[in-house]
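Written out below as C-alpha cells is the structure these notes cover.
The values are calculated or read from the model by the stated rules, or taken from the named source; none is laboratory data. Since the model is a prediction, treat every value here as computed from it, not as a measurement. Neighbour counts are summed over all protein chains in view; Cβ atoms, including those assigned to glycine, are modelled from backbone coordinates with ideal geometry. Note: accessible area is taken over every heavy atom of the protein model, side chains too, but ligands, DNA and RNA are not part of it. Shrake-Rupley method; radii C 1.70, N 1.55, O 1.52, S 1.80 Å.
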Amino acid sequence: MIAILTGDIKNSKDHKANKWLPVLKAALEHYGSEPSDWEIYRGDSFQLQTNPEQALEAAIFIKACIKQIRHLDVRIAIGLGEKNHTAAKITESNGEAFVHSGECFDQLKKQTLALKSSSDTFNDTLNTMLQLATLIMDNWLPATATAVKTTMAHPEANQKDLARMLGKSQSTISEALIRAGFDEVQKMIQFYRTQLARL
C-alpha cells in the first residue's frame, strides 16, 4: 500500500510564484525526489507519494510550510491504496491510491484536508477528526506555522534548540505550539497510524 497526496495552493494567484514555489518545493523535497516521488503541475498543483505511515504528517508539514506566508493555504487529499503502474514521473503512475486521492480532492470544497481509503469506517473516523483539526490549522498565523514546521523538521530538537534556531525565546516557541494545538495534532497523527495498522 502507498499514499498519494494531491494538493493545490489556495490563493496562489494573489502572490508571486517566486514567493511560495521554493517553499513548496523544499517541503516536498523533505519526503522524496522529483519527479519519481513528487511533481508540481498546472502551476500550483502538486502530487506526492509517501508511505502510508508518513502521509498525514507530510500533509500537515506541507500545510505548516505554506502557511508561513500570510494569506496562503493549501488543500490536500490523501489517497491510500495500491499502485499498479510505476512511471518515471509520479503524475504518470496510477493505481487505486491515485484514484482515491483524485476522488477525494474533487470532493474538497471548503475542507482543506481529507483522506480516502477503501475502508468507509476508517475514512469517516479520520475525516471527522481532520474537519475538527483544520478549524485550528486553517487559522495558523505565519509565526505559529513557522514554529510547527521547525518542530516537525527537527523532531529530535527540544524547545531550547528550536528557540535558538528561530532566534526567539523558549516561551515564545512554547506559546506558539500551544496556540497551534501541536500536542493534539501529534496525537491525531499517532491515532491515524494505529488505525492504519488495522486496515
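What to note about this one:
- The residues in segment 134-156 that are polar (S, T, N, Q), more than 15 Å from Asp183 (Cα to Cα) and not in a loop (DSSP other than H, G, I, E, B) can be counted, and the count is 1.
- Of all residues making up segment 178-199, the number that are in a helix (DSSP H, G or I) and either over 20 Å from Ile66 (Cβ atoms) or modelled with pLDDT under 95 (or both): 13
- Lys67 in contact (Cβ under 8 Å) with a residue 12 or more places away in the chain, within 16 Å of the chain's Cα centre (by Cα) and open to solvent by 10 Å² or more (accessible area, probe 1.4 Å): yes
- Verdict on Glu175 being part of a helix (DSSP H, G or I), charged (D, E, K, R) and closer than 23 Å to Lys110 by Cβ: no
- Among the residues of segment 145-163, those that are open to solvent by less than 10 Å² (accessible area, probe 1.4 Å) and in contact (Cβ under 8 Å) with a residue 40 or more places away in the chain comprise Ala145, Val148.
- Within segment 89-126, being within 21 Å of Ala197 (Cβ to Cβ) and surrounded by fewer than 16 Cβ atoms within 10 Å (Cβ to Cβ) holds for Ser118, Ser119, Asp120, Thr121, Asp124, Thr125.
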